[in-house]
Amino acid sequence: MNIRTQFFGLAVVAVLTVASISASAQQWDTTSGPPATVTCLATNGKGHVFAGTANSKVYRTTDKGVTWLPFDQGIEDGGPNFYIISDVRTGANNDLYACVTGRGLFRSTNDGESWVNLSLPTVLRSSARVSVSTKILQSGVARLFVGVDGGTNQLEMFMSDDNGGTWTEIPKSNLPSAVSSIFATFQSPNSDLIFTLVSYNKGLYRSSNLGQSWTRIDSDPNSGESDDNFNVMTSDANGTLWLGRNSLPTSIHSKNACIMKSINDGTSWEYMVNGWNNNNIINNRVTGIAFSTQNEIFATTEKSGTFYSSNAGESWAAWNTGVQFGDGSAADVVVTKDDDVFLAPLGEYVYKYNRNPSSVNDVFNVAFQMPSTSPNPASDVVHIGFGTDKSTDVRVDVVDLAGSPVLAPFYSPAEAGRSQVSLDVSGMAPGVYIWRVTAGTQSITQRFVVTH
């Protein structure tokens, strides 16, 4: 399906209307992409933000979300299948590491523009999910601790002390034989302790000898926590460890998915649950934890949205205003060196935290003029009309009522005044659809019907 476009400038003759909620009234503002399902977020020392997706691409923004550029050189193999980028991490010298399901661990040394497979010493199953923890050593190189989860018959861990040039297998030794998953790996910023987050009902393990032996550090037989599973572990600038815990109706501590912290490398944990209320949703999971330099913490969940703390986790509040669809459930959250916060809601574009409404308005406030759609219903071509109060770059998307993309996104400059985009809808199934035109963080939408 092709998108045909024709833009033309006209005098503005109608009253301008801003097509989104005032920035001062919402916590999140949408950015301009990426046009794919975002699975993870990362940032580097330059303040650039990277979004891994389910279609083999890593998207990058260098302008705080105004534009997103896709890169897949080295990841895409020319075959018919897309690959899921399950995680992206930053290492030494702003190198990036991407975990690609079924393909392995990839490194980029040029800001994500191309990628090289680091050739883990194993033959990966097509469904094998890879996780990585990065730690910059005193020598200036990155230590990589990798987990491979290809099902019960392929559970492996590897470590590299030279940015992924060579690998050493980390033994599972005394991990329970019933372990069926490796959700994540983690390295302490304070010591040589390593951690692995394994399987439902099997818990969190720590090793002080590179896997020669493992100790479970989450089990408390009297707490109802023995069935915990953990998917996210990270640390803040002070070396405090933070852990995302699944929701458990049997727990005496918290029946909700919540955040835990440890100030002693995991020897003991504190539940940070004041204000953390997600309605006892079963099998809810924490999907991301990120920290600003202002004592703030942002945490995302799979089923109940984003939570925010302004006092290092002592209290929390739901933080979803401005996210357009659903309950704000998200795949990840990241904070840049400049304290810009980016959120990846499930099935939507990435959002940016509206920390400073006045500056957001100065940069992104484009006023849209009356939208039009004709013919409506349409069977062959539909013409989208809109106006802007200034020249700007726009993005045009067509989605179904579930928010899933139907046509490839189209980018173009638009002059101040009235513009028109013509869409070929002859190949679309009959139904109701939504077109959306986005400029910066402002957007305008209308529904239309396709009939044949």
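The values are calculated or read from the model by the stated rules, or taken from the named source; none is laboratory data. Everything numeric here is computed off the predicted structure, so don't read it as measured data. Cβ sites come from the backbone with ideal geometry, for glycine too, and all protein chains shown count toward neighbours.
Cβ-Cβ distances below 6 Å connect the following pairs, each with a first residue in the range 331-356 that is in the same structural domain as SER310 (by TED's automatic domain parsing) and over 15 Å from PHE50 (Cα atoms), a second residue that is buried (at least 19 other Cβ atoms within 10 Å of the Cβ) and of a type in the set (Asp, Glu), and a separation of six or more residues or different chains: ASN354/ASP29. Scanning the range 128-141 for residues that are at pLDDT 95 or above and of a type in the set (S, T, N, Q) yields SER131, SER133, THR134.
If the condition is being closer than 22 Å to TYR271 by Cα and either crowded, with 21+ Cβ neighbours inside 10 Å or of a type in the set (Ser, Thr, Tyr) (or both), then the range 308-324 contributes TYR308, SER309, SER310, GLY313, SER315, TRP316, TRP319.
Considering ARG60, ARG89, ARG103, ARG129, the condition of being within 27 Å of GLY347 (Cβ to Cβ), charged (D, E, K, R), free of Cβ contacts under 8 Å to residues at least 40 places away in the same chain and assigned by TED's automatic domain parsing to the domain that holds THR196 is satisfied by ARG103 alone. Can you find even one residue in the range 412-420 that is without any contact (Cβ under 8 Å) to a residue 40 or more places away in the chain and assigned to a strand (DSSP E or B)? No: the range 412-420 contains no residue that is without any contact (Cβ under 8 Å) to a residue 40 or more places away in the chain and assigned to a strand (DSSP E or B). Out of LEU144, LEU210, one residue alone is of a type outside the set (Ser, Thr, Tyr), in a strand (DSSP E or B) and at pLDDT 85 or above. It is LEU144.
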